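The values are calculated or read from the model by the stated rules, or taken from the named source; none is laboratory data. Here the structure is a predicted model, which is why all the values come from computation and not from measurement. No Cβ is skipped: glycine too gets one built from the backbone with ideal geometry, and neighbour counts run over all protein chains shown. Note: areas computed on protein heavy atoms with side chains; ligands, DNA, RNA excluded. Shrake-Rupley method; radii C 1.70, N 1.55, O 1.52, S 1.80 Å.
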Amino acid sequence: MDAASPLARHPAQDPVARGEKAFRAARRTRRRATLFWGAILLACLVLAGWMSEVRPATLADGIPRIGEYFRRTMPDLRWATLFADWETDGSLASWFYRADKWAWLIFETSQMAVLATLFGGIVGFALCFLAARNLSPSPWAYQLSRRTLEFCRTVPDIVFALIFVWAFGVGALAGILAISLHTAGALGKLFAEVAENAETAASEAVRAAGGNWAQRMRYGVLPQVVPNFLSYLLLRFEINIRGASVIGFVGAGGIGEEVYHVISFNYYEEISAIVLMIIVTVALIDMLSERARRALMSAG
């Protein structure tokens with residue numbers, strides 16, 4: 001480029017130079033914004049730690065005690081007596097000497113999860129179309145159903161369990177009702193979001209044929225969303241298995257009551273035996289449920 005060129009006389013007018021300058025300015029702006037919001041996030045984390053009384057010294061003191069507790073729960077198994085009867089120390093039979101009772105309580109826990117998932121799924125399904133913004137027949141029905149689902153999933157299931165234990169007494173019924181309510185709120189929201197994203201062409205065709213709102217949902221929307229509904233139902237069942245294992249801590253039935261008992265009395269080896277049985281059961285259920293969900297999604 002010769003000296004007489006306008007770009008040579010005015011470098012600022014060079015498009016490449018202007019682009020490079022704009023890029024550098026944008027990069028500086030982004031860096032400042034990143035530093036600013038990073039500082040805000042760090043301040044929030046420090047404030048949260050201070051408010052929650054999270055202290056590095058406390059963590060340093062407590063972590064070794066966690067390891068000590070787990071060490072105490074490990075059984076003193078010996079190879080020479082590993083397969084001896086339950087009266088022999090160091091045998092598997094002595095470690096799982098109450099396995100029959102624990103297995104029955106785990107089975108009870110799984111049945112609690114099944115019933116809670118079923119009842120909660122029915123309630124969530126009944127409200128999901130009303131809670132879908134583009135499908136609800138009226139604004140008040142939409143708002144009422146949405147607020148109901150929010151209430152059900154906002155209140156922790158263990159709080160519901162405490163209320164139902166007071167009302168119905170200690171036992172599995174309180175746990176089933178508590179998990180059912182929380183499940184209804186969670187599944188209702190998920191179902192409503194799936195229904196909102198369904199194609200409306202079939203629903204409008206049913207309307208054009210003279211169908212009412214219920215018929216539009218039944219024949220225009222439901223066939224599209226059933227696979228996703230069933231997939232979410234199975235996923236929630238997996239979650240409820242874990243929830244039912246814990247909710248017994250407040251007397252709401254299942255294996256949780258036994259876990260609370262052995263922890264309270266420091267029966268260390270029994271703790272590890274029960275936890276191992278729960279882990280194996282939940283893992284098997286998760287694998288079966290995952291296969292079922294994949295099959296449903298493939299079919300859908």
Inter-part gap, Cα centre of region 141-183 to Cα centre of region 233-300, in whole angstrom, is 19 Å
Roughly how many Å² of residue 189 are accessible to a 1.4 Å probe, to the nearest 10?
60 Å²
Using the heavy atoms of the protein chains alone and a 1.4 angstrom probe, what is the accessible area of the chain per residue in square angstrom?
62 Å²
Those GluC sites (Glu not before Pro) from region 128-203 that are DSSP loop and have at most 14 other Cβ neighbours within 10 Å turn out to be 199
Please turn the phi angles of region 165-173 into ³J(HN,Hα) values with the Karplus equation 6.51 cos²θ - 1.76 cosθ + 1.60 (θ = phi - 60°), one per residue in order, whole Hz, x for glycine and proline.
5, 5, 7, 10, x, 5, x, 5, 4
The helix 255-264 Cα axis meets the longest alpha-carbon principal axis of the chain at an angle in degrees, between 0 and 90 and rounded to 10, of 80 degrees
Hz values of 3J(HN,Hα) by residue in region 277-289 - Karplus curve (6.51, -1.76, 1.60), Gly and Pro given as x:
5, 5, 4, 5, 5, 5, 4, 5, 5, 4, 5, 5, 5
Could you rank the peptides 201-211, 48-58 by their average count of other C-beta atoms within 10 Å per residue, with the highest value first?
201-211, 48-58
By its C-alpha gyration tensor, with a ≥ b ≥ c as the square roots of the eigenvalues, how is region 78-155 shaped: rounded for a/c under 1.5, else prolate for a/b larger than b/c, else oblate?
prolate
As a test of the formula, what do you get for the chain when each DSSP H run with n ≥ 4 contributes -39,500 (n - 2.57) and the sum is divided by the residue count, at 222 nm and rounded to the nearest 500 deg cm²/dmol?
-25000 deg cm²/dmol
If packing is taken as the average number of other Cβ atoms within 10 Å across a peptide's residues, how do 62-75, 235-248, 175-188, 105-118 rank, most packed first?
175-188, 235-248, 105-118, 62-75
Which of rounded, prolate or oblate describes region 171-283 when judged by the alpha-carbon gyration tensor and an a/c cut-off of 1.5?
prolate
If amide hydrogens are placed 1.01 Å from N in the peptide plane, which non-local residues have theirs closer than 5 Å to the one on residue 253?
171
For the chain, the accessible surface attributable to carbon and sulfur atoms (probe 1.4 angstrom, ligands and nucleic acids excluded) amounts in percent to 67 percent
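Among 32-45, 269-282, how do they line up from the highest to the lowest mean number of other beta-carbon atoms within 10 Å?
269-282, 32-45
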What are the ³J(HN,Hα) values, in whole Hz, obtained from phi via the Karplus relation 6.51 cos²θ - 1.76 cosθ + 1.60 with θ = phi - 60°, for each residue of region 76-93 in sequence order, with x given for Gly and Pro?
8, 7, 10, 4, 5, 10, 4, 10, 6, 6, 5, 7, 9, 5, x, 9, 4, 5
A student applying the Cα gyration tensor rule (rounded when a/c is under 1.5; otherwise prolate if a/b is larger than b/c, oblate if not) would label the chain oblate
